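Q: Attaching a single structure in structure tokens format; questions to follow.
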Amino acid sequence: MNLFRIRGIQLAVHFSFFLLLAFVAQAGWQDSGWPGLLWGVGTLVAFFSCVVLHELGHSFTAMHFGIGVRRILLMPIGGMAEFDDIPRQPSRELLITLAGPAVNFLIVAVLWVAVGFPAGWPQADYPANATGFAQLLLHWNLIMGCFNLVPVFPMDGGRILRALLATRMQYLRATFWAASVGKVLAVLGGLTALLLFHTWLTAVLFAFIFYAGEMEYRAVQRREIEDAHWRAVLARAYAATVPPPVAEPPMLRQ
Ligand code: ZN
């Protein structure tokens, strides 16, 4: 579902997001009636507003480099900015990628100054008032910023790893290694979530990241093959249209 546009970027919400919203509202209502419902919905909307800001960080930096951004899609597992193209210049991909978590750390810094760091973090209590609300947001942004920097491709950390590798090797190889490191970490993360913390949702998230990493690697591979194909076609077309030299180019005889 489309919401509104921000500097030409369509903000869209996946339908499953509303299931999450309904679930949170219901849980809040059962917990403490209207105040619980408002707190649940309010914190969820605030949290996803930060997700949008994170994606806008990526998007505005990409637009700065002349890359079109079609939309930002919100899903229960997070947000996704859809670019027309991912730059192959490692330095640009690095800046675009870093801009997302940078937004989260900026929010953390602003809230830290405004309301202070939550006492007893990470096991802090967040009272249902303005300070508790702001500190909860600080907590989430800190987690969001750090989690995204874990080098699990195609999350931000994995993209940073690829960009760094791509300065030393071919783009496809860099993607392969970043995706491979990401898959190993995703499996480890998924197993840890499942066996140690018994959190199914996190395990599913890691499974999704594993799959997304493989898909993006294949996309890069496909594009690489297509590029090579078109280069060959163009070379043939060029060879066919340009008549072969009739005579040897004049040369100075010695
Ligand atoms: Zn990001």
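Laboratory data are not the source of any read-out in this text; all were calculated from the coordinates shown. Predicted model, so just to flag it, every value in this text is computed and none were measured. Heads up, the Cβs are rebuilt from the backbone with ideal geometry, glycines too, and the neighbour counts pull from every protein chain shown.
Q: What is the distance, in nm, between label points placed 7 Å from the Cα along the Cα-to-Cβ direction at THR131 and at LEU53?
A: Between THR131 and LEU53, the label points sit 2.1 nm apart.
Q: Note the direction-averaged projected area, equal to a quarter of the hull surface, for the Cα convex hull of the chain, in nm².
A: Across all orientations, the chain yields a mean hull projection of 20.7 nm².
Q: Mind listing the phi-derived Karplus ³J(HN,Hα) values for the range 165-179, rounded to whole Hz, using 6.51, -1.76 and 1.60 with θ = phi - 60°, and x for any glycine or proline?
A: Karplus values, whole Hz, x for Gly and Pro: 5, 5, 6, 10, 9, 4, 4, 5, 5, 4, 5, 4, 5, 5, 5.
Q: What's the longest piece of the chain with no exposed trypsin sites (Lys or Arg not before Pro), counting a site as exposed if DSSP puts it in a loop and it has at most 13 other beta carbons within 10 Å?
A: 169-252
Q: Treat the count of other C-beta atoms within 10 Å as a stand-in for reagent exposure and order MET215, MET75 from fewest to most.
A: Fewest to most other Cβ atoms nearby, the residues stand as MET215, MET75.
Q: Going by amide H atoms built from the backbone, whose H comes under 5 Å of the H on LEU3, apart from near neighbours?
A: LEU11, ALA12, VAL13
Q: Ok, one more. Could you list which residues have their amide H under 5 Å from that of GLY68, counting only those 5 or more apart in sequence or on another chain, with H placed in the peptide plane?
A: Answer set, sorted by chain and number: ASP84, ASP85.
Q: Let me know the charge dipole size of the chain about its Cα centre in debye, to the nearest 20, where only the beta-carbon of Lys, Arg (+1) and Asp, Glu (-1) is charged.
A: So the dipole magnitude of the chain works out to roughly 740 debye.
Q: I want to make sure I understand the PRE zone here: with the label point 7 angstrom from the Cα of ALA114 toward its beta carbon, which residues in the range 127-158 have backbone N atoms less than 13 Å away?
A: Under 13 Å, as judged by backbone N against the label point of ALA114, lie 130-139, 141 of the range 127-158.
Q: I've got another one for you. Per-residue HN-Hα couplings for the range 74-80, Karplus 6.51 cos²θ - 1.76 cosθ + 1.60 at θ = phi - 60°, whole Hz, x for Gly and Pro?
A: Coupling constants for the range 74-80: 9, 10, x, 8, x, x, 8 Hz.
Q: Can you work out ³J(HN,Hα) from phi for every residue in the range 146-162, in order, using Karplus 6.51 cos²θ - 1.76 cosθ + 1.60 and θ = phi - 60°, giving whole Hz and x for Gly and Pro?
A: 6, 4, 5, 8, 5, x, 10, 5, x, 5, 3, x, x, 5, 5, 4, 4
Q: Under 1.5 on a/c is rounded, so check that first for the range 1-149, then, if it is not, pick prolate when a/b is larger than b/c and oblate when it is not; a ≥ b ≥ c are the square roots of the alpha carbon gyration tensor eigenvalues.
A: Note, shape of the range 1-149 comes out oblate.
Q: Pick from TYR217, TYR171, TYR126: which residue has the top mean-square fluctuation in a GNM of the chain where Cα pairs under 10 Å get a spring?
A: With Cα springs under 10 Å in the chain, the top fluctuation among TYR217, TYR171, TYR126 is at TYR126.
Q: Ranking CYS50, CYS146 by Cβ neighbours within 10 Å, fewest first, what do you get?
A: CYS146, CYS50
Q: Which residue fluctuates the most in the chain, going by a Gaussian network model with Cα springs under 10 Å, if the choices are ALA114, ALA166, ALA25?
A: Of the options given, ALA114 has the highest mean-square fluctuation.
Q: I would also like to ask the following. For the pair ARG218/LEU106, report the inter-label distance in nm, with labels modelled 7 Å from Cα in the Cβ direction.
A: 3.7
Q: Now, a different point. Just need the Rg to Rh number for the range 151-240, please, alpha carbons only, Kirkwood Rh.
A: A ratio of 1.20.
Q: Related question: What are the equivalent ellipsoid semi-axes of the range 95-156, built from the alpha-carbon gyration tensor (square roots of five times its eigenvalues), in whole angstrom, biggest first?
A: Taking √(5λ) for each Cα gyration eigenvalue gives 24, 12, 8 Å.
Q: Let me ask another. Given a Förster distance of 41 angstrom, what is the FRET efficiency for PHE83 paired with TRP34, based on the Cβ-Cβ distance and rounded to 0.05?
A: 0.50
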